[in-house]
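Some notes on the structure that comes next.
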Amino acid sequence: MSDPVLQACGIGVAYGTRRQPVTALHPTDLTLHAGESMAVVGRSGAGKSTLAEVLLGLRRPGSGYVMVRGERFCGFDRGPRAHLRHRVQGIPQDAGASLPPGVPVRLSIERALRRLGVGGDRRVHLAEAARIAHIDPGLLERTPRQLSGGQAQRAAIARAVAVAPDVVIADEPTSALDARTAAGLADALLALPARTGGALLLITHDDALAERCDRILTLREGKVEQSR
Ligand SMILES: Nc1ncnc2c1ncn2[C@@H]1O[C@H](COP(=O)(O)OP(=O)(O)O)[C@@H](O)[C@H]1O
Ligand SMILES: [Mg+2]
């Protein structure tokens with residue numbers, strides 16, 4: 001098997017205070033390889049989003065660390081390494097609200113590419129990202145508010161894949177969509193590993209969707225209950 005693109009070791013998170021900590025995630029290990037999809041399932045409050053936030057470098061874990069392509073990413077003495085941040089991209093439940101408002105999506109994607117110093121023809125990158133996300137490139141000229149829920153989720157996928165990340169983490173990306181739109185979006189997400197060579201971590205309530213992933217991690221009350 002290929003080298004891991006993402007390795008989490010002993011990730012633990014507690015909320016609350018130092019005196020009265022409330023454990024949200026007991027020390028958890030996770031390894032993702034290139035081209036692989038993994039579903040994370042579990043009831044509401046099981047710790048799925050907490051895990052995602054740590055892997056994205058958005059929440060500092062109380063214990064453990066995360067490596068990206070064998071490099072220290074976060075959970076060490078200092079904050080997340082800036083030069084690795086773009087390698088792990090997130091797609092939230094409500095992408096419309098997470099994309100910069102009032103800015104045509106194409107511009108936010110181009111800004112991200114420029115920030116990262118991605119060379120070459122940015123229009124080509126953009127067209128390729130739109131193709132992977134199954135979104136009409138013309139829709140990227142719109143601002144997030146001018147997009148439907150499903151279109152905004154696709155725009156978020158386009159933005160995520162444009163920077164060629166090693167890992168895409170989607171946290172219940174279909175839960176705000178009607179069944180048909182959700183099914184189309186799920187297809188686009190599940191096709192990502194094969195199309196980009198990166199890994200997909202898909203947090204979902206949908207057991208049928210989870211079954212379509214290569215592996216499934218089940219969380220229960222902050223502990224890995226089952227893993228396959
Ligand atoms: N910001 C927070 N402050 C305090 N407790 C939190 C916070 N975020 C989540 N929790 C708690 O941590 C546990 C895990 O939450 P979460 O990771 O959101 O679960 P899931 O995404 O599986 O629904 C829950 O008990 C939740 O109430
Ligand atoms: Mg959640």
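So is SER2 surrounded by fewer than 23 Cβ atoms within 10 Å (Cβ to Cβ) and within 16 Å of ligand 2 (Cβ to nearest atom) or not?
Considered against the rule, which asks whether it is surrounded by fewer than 23 Cβ atoms within 10 Å (Cβ to Cβ) and within 16 Å of ligand 2 (Cβ to nearest atom), SER2 comes out as no.
TYR15 versus (1) of a type in the set (Ser, Thr, Tyr); (2) open to solvent by 30 Å² or more (accessible area, probe 1.4 Å); (3) within 16 Å of ligand 1 (Cβ to nearest atom); (4) in contact (Cβ under 8 Å) with a residue 24 or more places away in the chain: which is the lone unmet condition?
(4)
This table checks each residue for (1) at pLDDT below 95; (2) aliphatic (A, V, I, L, M); (3) open to solvent by less than 40 Å² (accessible area, probe 1.4 Å).
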| residue | (1), (2), (3) |
| --- | --- |
| SER63 | no, no, no |
| VAL66 | no, yes, yes |
| ARG85 | yes, no, no |
| VAL88 | no, yes, yes |
| ASP94 | yes, no, no |
| GLY102 | yes, no, no |
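Does any residue in the stretch 37-59 that is more than 13 Å from ligand 2 (Cβ to nearest atom) come within less than 6 Å, Cβ to Cβ, of a residue that is open to solvent by 50 Å² or more (accessible area, probe 1.4 Å) and at pLDDT 95 or above six or more places away or on a different chain, and which pairs are these?
Close Cβ pairs satisfying both conditions: SER37/ASP214; MET38/ARG215.
Suppose we filter ARG215, ARG195 for residues that are at pLDDT 95 or above, under 17 Å from the mean Cα position of the chain (by Cα) and of a type in the set (D, E, K, R); which single one remains?
ARG215
Among the numbered conditions (1) part of a loop (DSSP other than H, G, I, E, B); (2) of a type outside the set (Asp, Glu); (3) open to solvent by 50 Å² or more (accessible area, probe 1.4 Å); (4) more than 21 Å from VAL40 (Cβ to Cβ), tell me where ILE135 comes up short.
(3)
So, restricting to strands (runs of 3 or more DSSP E) that lie completely within the stretch 1-48, which ones have at least 1 residues that are closer than 23 Å to LEU84 by Cα and among the hydroxyl-bearing types (Ser, Thr, Tyr)?
In the stretch 1-48, 21-33, 37-41 are the strands (runs of 3 or more DSSP E) which contain 1 or more residues that are closer than 23 Å to LEU84 by Cα and among the hydroxyl-bearing types (Ser, Thr, Tyr).
Collect the residues in the stretch 115-130 that are open to solvent by 60 Å² or more (accessible area, probe 1.4 Å) and either farther than 11 Å from VAL163 by Cα or modelled with pLDDT of 90 or more (or both), keeping them in residue-number order.
GLY120, ASP121, ARG123, VAL124, GLU128
Would you check which residues across the stretch 138-172 are assigned to a loop (DSSP other than H, G, I, E, B) and either open to solvent by less than 10 Å² (accessible area, probe 1.4 Å) or within 16 Å of ligand 1 (Cβ to nearest atom) (or both) and list them?
Selection gives GLU172 alone.
For the list (1) under 29 Å from GLY138 (Cα atoms); (2) loosely packed, with under 14 Cβ neighbours inside 10 Å; (3) not polar (S, T, N, Q), I need the number of the one condition that ARG43 fails.
(1)
The values are calculated or read from the model by the stated rules, or taken from the named source; none is laboratory data. Since we're looking at a predicted model, the values are computed, not measured. Quick reminder, even Gly has a Cβ in these numbers, built from the backbone with ideal geometry, and neighbours come from all protein chains shown. Surface accessibility is based on the protein's heavy atoms, side chains included, excluding ligands, DNA and RNA. Shrake-Rupley method; radii C 1.70, N 1.55, O 1.52, S 1.80 Å.
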